[in-house]
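Worksheet: one structure, shown below.
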Amino acid sequence: MDHYEVEPGGLVLLTTRHPLQVRGETFECRSYVTQGLAAHGQQEMVFTLRENTGVEEDVLHKKLASLFSRFRQLAEEGRTVDVGDVTIFGEHRLFPGMHLLYTPASPVPRLPVPSGALALLLITERELDLVQRCGPARLMSALGKAHSHYPCPSWSDLHRPELPVAAMLEQSLLPRVNHSRVWNARVVKQDGDILLRVAPGQHEQFRKLFEQLPDATQPFALLTGIDAAADGCLAWEPGQTGPVAITPPGGRAERISGCFLLVLPGMEQEEARLHEDGFIWSLSTASSKALWTALCEGQGLALLVGGRRLRVEWVAP
(Lines give C-alpha, C1' and ligand atoms only; values in the text may rest on other atoms or scores of the structure.)
Protein backbone atom coordinates (compact mmCIF):
# COMPACT_ATOMS: atom_id res chain seq x y z
CA MET A 1 0.00 0.00 0.00
CA ASP A 2 1.32 3.43 -0.99
CA HIS A 3 0.37 6.86 0.38
CA TYR A 4 0.14 10.00 -1.76
CA GLU A 5 -0.46 13.38 -0.19
CA VAL A 6 -2.93 15.31 -2.33
CA GLU A 7 -3.15 18.35 -0.05
CA PRO A 8 -0.67 18.94 2.78
CA GLY A 9 -2.11 17.91 6.14
CA GLY A 10 -5.48 17.07 4.65
CA LEU A 11 -6.32 14.86 1.71
CA VAL A 12 -4.46 11.59 1.15
CA LEU A 13 -4.72 8.86 -1.49
CA LEU A 14 -4.04 5.26 -0.52
CA THR A 15 -3.30 3.00 -3.47
CA THR A 16 -2.39 -0.59 -4.18
CA ARG A 17 -2.26 -3.10 -7.02
CA HIS A 18 -4.29 -6.26 -6.57
CA PRO A 19 -5.92 -9.06 -8.58
CA LEU A 20 -9.66 -9.20 -9.18
CA GLN A 21 -11.50 -12.38 -10.13
CA VAL A 22 -14.71 -12.11 -12.13
CA ARG A 23 -16.52 -15.08 -13.73
CA GLY A 24 -13.43 -17.23 -13.44
CA GLU A 25 -11.14 -14.64 -15.01
CA THR A 26 -8.41 -12.98 -12.95
CA PHE A 27 -6.99 -9.62 -13.94
CA GLU A 28 -4.86 -6.94 -12.31
CA CYS A 29 -6.29 -3.69 -10.99
CA ARG A 30 -5.08 -0.61 -9.20
CA SER A 31 -7.32 0.87 -6.51
CA TYR A 32 -7.29 4.31 -4.92
CA VAL A 33 -9.03 5.20 -1.66
CA THR A 34 -9.32 8.75 -0.30
CA GLN A 35 -8.71 9.79 3.29
CA GLY A 36 -9.86 13.27 4.27
CA LEU A 37 -13.05 13.93 2.28
CA ALA A 38 -15.32 12.86 5.15
CA ALA A 39 -13.99 15.73 7.27
CA HIS A 40 -15.65 18.07 4.77
CA GLY A 41 -18.99 16.24 4.57
CA GLN A 42 -18.30 14.13 1.50
CA GLN A 43 -18.16 10.32 1.72
CA GLU A 44 -14.73 8.88 1.07
CA MET A 45 -14.25 7.60 -2.47
CA VAL A 46 -12.79 4.53 -4.15
CA PHE A 47 -11.60 4.25 -7.74
CA THR A 48 -10.59 0.84 -9.08
CA LEU A 49 -9.25 0.61 -12.62
CA ARG A 50 -8.34 -2.47 -14.58
CA GLU A 51 -4.71 -2.18 -15.62
CA ASN A 52 -5.16 -2.38 -19.36
CA THR A 53 -5.38 1.31 -20.12
CA GLY A 54 -1.84 2.16 -21.11
CA VAL A 55 -2.05 5.33 -19.01
CA GLU A 56 1.18 6.18 -17.19
CA GLU A 57 0.87 5.79 -13.44
CA ASP A 58 2.10 9.28 -12.59
CA VAL A 59 -0.31 10.81 -15.12
CA LEU A 60 -3.23 8.94 -13.53
CA HIS A 61 -2.10 10.02 -10.04
CA LYS A 62 -2.11 13.67 -11.10
CA LYS A 63 -5.55 13.41 -12.68
CA LEU A 64 -7.03 11.72 -9.63
CA ALA A 65 -5.35 14.13 -7.23
CA SER A 66 -6.87 17.05 -9.13
CA LEU A 67 -10.29 15.37 -9.20
CA PHE A 68 -10.38 14.55 -5.49
CA SER A 69 -9.08 17.97 -4.58
CA ARG A 70 -11.98 19.43 -6.54
CA PHE A 71 -14.41 17.18 -4.66
CA ARG A 72 -13.02 18.54 -1.40
CA GLN A 73 -13.55 22.13 -2.59
CA LEU A 74 -17.11 21.41 -3.68
CA ALA A 75 -17.88 19.69 -0.37
CA GLU A 76 -16.77 22.80 1.50
CA GLU A 77 -19.38 24.69 -0.56
CA GLY A 78 -22.03 22.14 0.46
CA ARG A 79 -22.05 20.47 -2.96
CA THR A 80 -21.64 16.73 -2.43
CA VAL A 81 -22.44 13.59 -4.40
CA ASP A 82 -24.00 10.30 -3.34
CA VAL A 83 -24.92 6.91 -4.76
CA GLY A 84 -26.83 7.31 -8.03
CA ASP A 85 -25.41 10.75 -8.83
CA VAL A 86 -23.29 11.43 -11.91
CA THR A 87 -20.48 13.81 -12.72
CA ILE A 88 -20.61 15.03 -16.31
CA PHE A 89 -17.27 16.20 -17.64
CA GLY A 90 -16.61 18.85 -20.25
CA GLU A 91 -13.26 19.18 -21.98
CA HIS A 92 -11.12 18.18 -18.98
CA ARG A 93 -12.09 14.54 -18.51
CA LEU A 94 -10.52 11.80 -16.46
CA PHE A 95 -10.61 9.67 -19.63
CA PRO A 96 -11.80 10.64 -23.14
CA GLY A 97 -15.51 10.07 -23.71
CA MET A 98 -16.15 9.02 -20.10
CA HIS A 99 -18.24 10.37 -17.23
CA LEU A 100 -18.68 9.14 -13.63
CA LEU A 101 -21.51 7.31 -11.89
CA TYR A 102 -21.33 6.89 -8.10
CA THR A 103 -22.14 3.43 -6.73
CA PRO A 104 -21.65 1.63 -3.39
CA ALA A 105 -17.98 0.79 -2.81
CA SER A 106 -16.80 -2.80 -2.37
CA PRO A 107 -13.93 -4.03 -0.17
CA VAL A 108 -10.44 -3.69 -1.63
CA PRO A 109 -7.60 -6.05 -0.67
CA ARG A 110 -5.05 -4.38 1.60
CA LEU A 111 -6.84 -1.02 1.61
CA PRO A 112 -9.16 0.35 4.32
CA VAL A 113 -12.50 1.18 2.66
CA PRO A 114 -14.75 3.13 5.07
CA SER A 115 -18.37 2.12 5.49
CA GLY A 116 -20.57 4.12 3.14
CA ALA A 117 -17.74 4.98 0.74
CA LEU A 118 -18.58 5.70 -2.89
CA ALA A 119 -17.13 3.86 -5.87
CA LEU A 120 -16.43 5.88 -9.02
CA LEU A 121 -17.61 3.99 -12.10
CA LEU A 122 -16.68 5.17 -15.58
CA ILE A 123 -19.60 5.26 -18.02
CA THR A 124 -19.80 6.26 -21.67
CA GLU A 125 -21.65 9.17 -23.25
CA ARG A 126 -24.49 6.91 -24.39
CA GLU A 127 -24.69 5.19 -20.99
CA LEU A 128 -25.03 8.63 -19.42
CA ASP A 129 -28.07 9.17 -21.66
CA LEU A 130 -29.50 5.89 -20.34
CA VAL A 131 -29.03 7.09 -16.75
CA GLN A 132 -30.73 10.39 -17.47
CA ARG A 133 -33.72 8.83 -19.26
CA CYS A 134 -34.19 5.55 -17.34
CA GLY A 135 -32.40 6.11 -14.03
CA PRO A 136 -29.07 5.00 -12.55
CA ALA A 137 -30.46 1.75 -11.11
CA ARG A 138 -31.18 0.43 -14.62
CA LEU A 139 -27.60 1.01 -15.71
CA MET A 140 -26.19 -0.45 -12.50
CA SER A 141 -28.25 -3.64 -12.59
CA ALA A 142 -27.67 -4.13 -16.32
CA LEU A 143 -23.91 -3.88 -15.78
CA GLY A 144 -24.25 -6.17 -12.76
CA LYS A 145 -25.99 -8.77 -14.91
CA ALA A 146 -23.46 -8.42 -17.72
CA HIS A 147 -20.48 -8.82 -15.37
CA SER A 148 -22.00 -11.18 -12.78
CA HIS A 149 -21.33 -8.73 -9.94
CA TYR A 150 -24.08 -7.57 -7.58
CA PRO A 151 -25.47 -4.96 -7.75
CA CYS A 152 -22.98 -3.59 -10.30
CA PRO A 153 -19.24 -3.76 -11.06
CA SER A 154 -17.05 -2.05 -8.48
CA TRP A 155 -14.25 -1.46 -10.98
CA SER A 156 -13.83 0.43 -14.23
CA ASP A 157 -12.56 -1.11 -17.46
CA LEU A 158 -11.97 1.22 -20.38
CA HIS A 159 -12.29 -1.69 -22.79
CA ARG A 160 -15.51 -3.26 -21.51
CA PRO A 161 -18.36 -3.59 -24.01
CA GLU A 162 -20.81 -0.72 -23.87
CA LEU A 163 -24.38 -1.60 -22.98
CA PRO A 164 -26.82 -1.73 -25.96
CA VAL A 165 -28.16 1.70 -25.09
CA ALA A 166 -29.95 2.45 -28.38
CA ALA A 167 -31.98 -0.77 -28.18
CA MET A 168 -32.66 -0.28 -24.46
CA LEU A 169 -34.10 3.17 -25.10
CA GLU A 170 -36.08 2.06 -28.14
CA GLN A 171 -37.66 -1.03 -26.56
CA SER A 172 -38.33 0.30 -23.04
CA LEU A 173 -41.51 1.96 -21.78
CA LEU A 174 -39.64 4.35 -19.49
CA PRO A 175 -38.44 6.99 -22.00
CA ARG A 176 -42.04 7.40 -23.22
CA VAL A 177 -43.61 8.48 -19.93
CA ASN A 178 -43.20 11.35 -17.51
CA HIS A 179 -40.68 10.38 -14.87
CA SER A 180 -38.74 11.62 -11.88
CA ARG A 181 -35.45 10.30 -10.47
CA VAL A 182 -36.04 9.57 -6.78
CA TRP A 183 -32.95 7.66 -5.64
CA ASN A 184 -34.06 7.90 -2.00
CA ALA A 185 -37.13 5.82 -2.83
CA ARG A 186 -37.05 2.03 -3.15
CA VAL A 187 -39.59 -0.30 -4.73
CA VAL A 188 -39.34 -3.83 -3.33
CA LYS A 189 -41.22 -7.12 -3.67
CA GLN A 190 -41.26 -9.07 -0.42
CA ASP A 191 -43.60 -11.85 0.77
CA GLY A 192 -45.96 -11.15 -2.12
CA ASP A 193 -46.31 -7.45 -1.22
CA ILE A 194 -44.88 -4.61 -3.27
CA LEU A 195 -43.53 -1.81 -1.11
CA LEU A 196 -42.62 1.72 -2.10
CA ARG A 197 -40.27 2.88 0.65
CA VAL A 198 -39.53 6.60 0.54
CA ALA A 199 -37.13 8.65 2.62
CA PRO A 200 -38.90 11.33 4.70
CA GLY A 201 -38.85 14.78 3.15
CA GLN A 202 -39.25 13.68 -0.47
CA HIS A 203 -42.91 14.74 -0.77
CA GLU A 204 -42.02 18.14 -2.24
CA GLN A 205 -40.36 16.39 -5.17
CA PHE A 206 -43.55 14.41 -5.76
CA ARG A 207 -45.63 17.57 -5.67
CA LYS A 208 -43.46 19.10 -8.39
CA LEU A 209 -43.75 15.94 -10.48
CA PHE A 210 -47.56 15.91 -10.30
CA GLU A 211 -47.77 19.63 -11.05
CA GLN A 212 -45.91 18.95 -14.30
CA LEU A 213 -48.30 16.21 -15.46
CA PRO A 214 -50.72 17.40 -18.17
CA ASP A 215 -53.66 15.76 -16.35
CA ALA A 216 -54.45 13.19 -13.68
CA THR A 217 -54.76 10.34 -16.17
CA GLN A 218 -51.15 10.55 -17.36
CA PRO A 219 -48.82 7.65 -16.51
CA PHE A 220 -45.75 8.53 -14.48
CA ALA A 221 -42.65 6.62 -13.44
CA LEU A 222 -40.50 6.93 -10.34
CA LEU A 223 -36.89 6.01 -11.17
CA THR A 224 -35.92 4.55 -7.81
CA GLY A 225 -32.71 3.41 -6.13
CA ILE A 226 -31.57 -0.12 -5.36
CA ASP A 227 -32.64 -1.25 -1.91
CA ALA A 228 -29.57 -1.89 0.26
CA ALA A 229 -31.40 -4.56 2.29
CA ALA A 230 -32.51 -6.51 -0.79
CA ASP A 231 -30.95 -9.86 -1.69
CA GLY A 232 -31.84 -9.52 -5.35
CA CYS A 233 -32.41 -6.84 -7.97
CA LEU A 234 -34.34 -6.96 -11.23
CA ALA A 235 -32.25 -6.52 -14.38
CA TRP A 236 -33.32 -6.06 -17.99
CA GLU A 237 -31.89 -6.15 -21.48
CA PRO A 238 -33.53 -5.88 -24.92
CA GLY A 239 -35.16 -9.11 -26.08
CA GLN A 240 -35.63 -10.43 -22.56
CA THR A 241 -38.88 -12.42 -22.40
CA GLY A 242 -39.43 -12.63 -18.65
CA PRO A 243 -38.30 -11.16 -15.33
CA VAL A 244 -34.66 -11.73 -14.34
CA ALA A 245 -33.10 -10.95 -10.97
CA ILE A 246 -29.43 -10.79 -10.10
CA THR A 247 -28.39 -11.75 -6.56
CA PRO A 248 -25.37 -11.31 -4.29
CA PRO A 249 -23.41 -14.41 -3.22
CA GLY A 250 -25.77 -16.50 -1.07
CA GLY A 251 -28.77 -14.36 -1.99
CA ARG A 252 -32.13 -16.13 -2.22
CA ALA A 253 -34.09 -13.34 -3.94
CA GLU A 254 -36.56 -13.17 -1.04
CA ARG A 255 -36.51 -9.37 -1.08
CA ILE A 256 -36.21 -8.16 -4.68
CA SER A 257 -35.49 -4.54 -5.51
CA GLY A 258 -36.86 -2.98 -8.66
CA CYS A 259 -35.38 -0.08 -10.62
CA PHE A 260 -38.60 1.85 -11.17
CA LEU A 261 -42.29 2.07 -10.35
CA LEU A 262 -44.58 2.95 -13.27
CA VAL A 263 -48.10 4.03 -12.29
CA LEU A 264 -50.98 3.81 -14.79
CA PRO A 265 -53.84 5.84 -13.26
CA GLY A 266 -57.52 5.72 -14.10
CA MET A 267 -57.56 2.06 -15.20
CA GLU A 268 -60.75 -0.03 -15.08
CA GLN A 269 -58.87 -3.21 -14.20
CA GLU A 270 -56.41 -2.87 -11.30
CA GLU A 271 -53.28 -5.00 -11.24
CA ALA A 272 -49.67 -5.02 -10.09
CA ARG A 273 -47.01 -6.77 -12.14
CA LEU A 274 -43.32 -6.95 -12.97
CA HIS A 275 -42.17 -5.32 -16.18
CA GLU A 276 -38.61 -4.98 -17.50
CA ASP A 277 -36.57 -4.25 -14.35
CA GLY A 278 -39.36 -2.64 -12.35
CA PHE A 279 -43.01 -2.76 -11.36
CA ILE A 280 -46.22 -1.46 -12.90
CA TRP A 281 -49.21 -0.48 -10.78
CA SER A 282 -52.42 -0.17 -12.84
CA LEU A 283 -54.77 1.74 -10.53
CA SER A 284 -58.33 2.98 -10.59
CA THR A 285 -59.00 6.70 -10.39
CA ALA A 286 -59.73 6.42 -6.66
CA SER A 287 -56.61 4.37 -5.92
CA SER A 288 -54.35 6.62 -7.99
CA LYS A 289 -55.68 9.72 -6.20
CA ALA A 290 -55.00 8.01 -2.86
CA LEU A 291 -51.45 7.29 -4.02
CA TRP A 292 -50.89 10.90 -5.13
CA THR A 293 -52.15 12.18 -1.78
CA ALA A 294 -49.88 9.81 0.13
CA LEU A 295 -46.82 10.81 -1.90
CA CYS A 296 -47.50 14.55 -1.85
CA GLU A 297 -48.36 14.68 1.84
CA GLY A 298 -45.82 12.19 3.18
CA GLN A 299 -48.49 9.73 4.32
CA GLY A 300 -48.49 5.95 4.49
CA LEU A 301 -50.82 3.94 2.27
CA ALA A 302 -52.00 0.35 1.80
CA LEU A 303 -53.97 -0.86 -1.21
CA LEU A 304 -55.27 -4.31 -2.06
CA VAL A 305 -54.87 -4.89 -5.80
CA GLY A 306 -55.56 -8.27 -7.37
CA GLY A 307 -54.98 -10.04 -4.07
CA ARG A 308 -51.61 -8.30 -3.62
CA ARG A 309 -50.90 -5.57 -1.07
CA LEU A 310 -49.31 -2.38 -2.36
CA ARG A 311 -47.84 -0.20 0.38
CA VAL A 312 -46.20 3.18 0.72
CA GLU A 313 -43.86 3.58 3.69
CA TRP A 314 -41.81 6.58 4.73
CA VAL A 315 -38.50 5.31 6.14
CA ALA A 316 -34.84 6.23 5.88
CA PRO A 317 -33.15 4.36 2.97
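The values are calculated or read from the model by the stated rules, or taken from the named source; none is laboratory data. Everything quoted here is computed from the prediction, not taken from an experiment. When we count neighbours, we look across all protein chains shown, and the Cβ atoms used for this are built from the backbone with ideal geometry, even at glycine.
Hey, any hits in segment 285-306 for a residue that's in a loop (DSSP other than H, G, I, E, B), in contact with a Leu (Cβ under 9 Å, 6 or more places away or on another chain) and touching a residue at least 12 places away in the same chain (Cβ under 8 Å)?
Within segment 285-306 (the criterion being in a loop (DSSP other than H, G, I, E, B), in contact with a Leu (Cβ under 9 Å, 6 or more places away or on another chain) and touching a residue at least 12 places away in the same chain (Cβ under 8 Å)), the answer is no, since none of the residues qualifies.
Which number in (1) in a loop (DSSP other than H, G, I, E, B); (2) crowded, with 21+ Cβ neighbours inside 10 Å; (3) touching a helix residue (DSSP H, G or I) at 6+ places or on another chain (Cβ under 6 Å) marks the one condition that Phe206 misses?
Tallying (1) in a loop (DSSP other than H, G, I, E, B); (2) crowded, with 21+ Cβ neighbours inside 10 Å; (3) touching a helix residue (DSSP H, G or I) at 6+ places or on another chain (Cβ under 6 Å), Phe206 fails exactly one: (1).
Please find, among Arg181, Arg138, the residue that is over 18 Å from Phe95 (Cα atoms) and part of a strand (DSSP E or B).
Arg181
Please go through segment 146-176 and give me each residue that is at pLDDT below 95, over 26 Å from Val46 (Cβ atoms) and assigned to a loop (DSSP other than H, G, I, E, B), ordered by number.
Matches in segment 146-176: Leu173 only.
Please go through segment 223-262 and pick out each residue that is under 17 Å from the mean Cα position of the chain (by Cα) and in a loop (DSSP other than H, G, I, E, B).
Those that are under 17 Å from the mean Cα position of the chain (by Cα) and in a loop (DSSP other than H, G, I, E, B): Ile226, Asp227, Ala228, Ala229, Ala230, Asp231, Trp236, Glu237, Thr247, Pro248, Gly258, Cys259.
Filter segment 164-203 for residues that are more than 15 Å from Ala137 (Cα to Cα), buried (at least 19 other Cβ atoms within 10 Å of the Cβ) and of a type in the set (Lys, Arg) and give the result.
Across segment 164-203, the qualifying residues are Lys189, Arg197.
Residue check: is Arg93 farther than 19 Å from Val12 by Cβ, among the charged types (D, E, K, R) and modelled with pLDDT of 95 or more?
Answer is no for this residue.
Please verify whether Thr224 is modelled with pLDDT of 95 or more, of a type outside the set (Gly, Ala, Ser), over 17 Å from Arg309 (Cα atoms) and in the same structural domain as Leu304 (by TED's automatic domain parsing), treating the condition exactly as stated.
The answer is yes for Thr224.
Can you pull out every residue in segment 218-244 that is in contact with a helix residue (DSSP H, G or I) (Cβ under 8 Å, 6 or more places away or on another chain) and polar (S, T, N, Q)?
Thr224
Which residues, counting only those in segment 100-135, are outside any strand (DSSP E or B) and within 16 Å of Thr80 (Cα to Cα)?
Gly116, Ala117
Step by step: first the residues of segment 1-48, then only those that are aliphatic (A, V, I, L, M) and not in a strand (DSSP E or B), then the one that is surrounded by the most Cβ atoms within 10 Å (Cβ to Cβ). Which residue is that?
Per the criteria, the residue is Leu37.
Read through the list (1) crowded, with 18+ Cβ neighbours inside 10 Å; (2) in contact with a strand residue (DSSP E or B) (Cβ under 8 Å, 6 or more places away or on another chain); (3) at pLDDT 95 or above, then give the number of the only condition that Thr124 fails.
Going through the list (1) crowded, with 18+ Cβ neighbours inside 10 Å; (2) in contact with a strand residue (DSSP E or B) (Cβ under 8 Å, 6 or more places away or on another chain); (3) at pLDDT 95 or above, Thr124 breaks only (1).
Which of the residues belonging to segment 55-77 are touching a helix residue (DSSP H, G or I) at 6+ places or on another chain (Cβ under 8 Å) and under 17 Å from Leu100 (Cβ atoms)?
Of everything in segment 55-77, those that are touching a helix residue (DSSP H, G or I) at 6+ places or on another chain (Cβ under 8 Å) and under 17 Å from Leu100 (Cβ atoms) turn out to be Arg72, Ala75.
Look at segment 209-219 and say how many of its residues are of a type outside the set (S, T, N, Q), more than 17 Å from Glu297 (Cβ to Cβ) and exposed (fewer than 12 other Cβ atoms within 10 Å of the Cβ).
Final tally of qualifying residues: 2.
For (1) crowded, with 17+ Cβ neighbours inside 10 Å; (2) of a type in the set (S, T, N, Q), each residue gets a yes or a no:
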site	(1), (2)
Thr247	yes, yes
Gly251	no, no
Glu254	no, no
Phe260	yes, no
Ser287	yes, yes
Gly307	no, no
Ala316	no, no
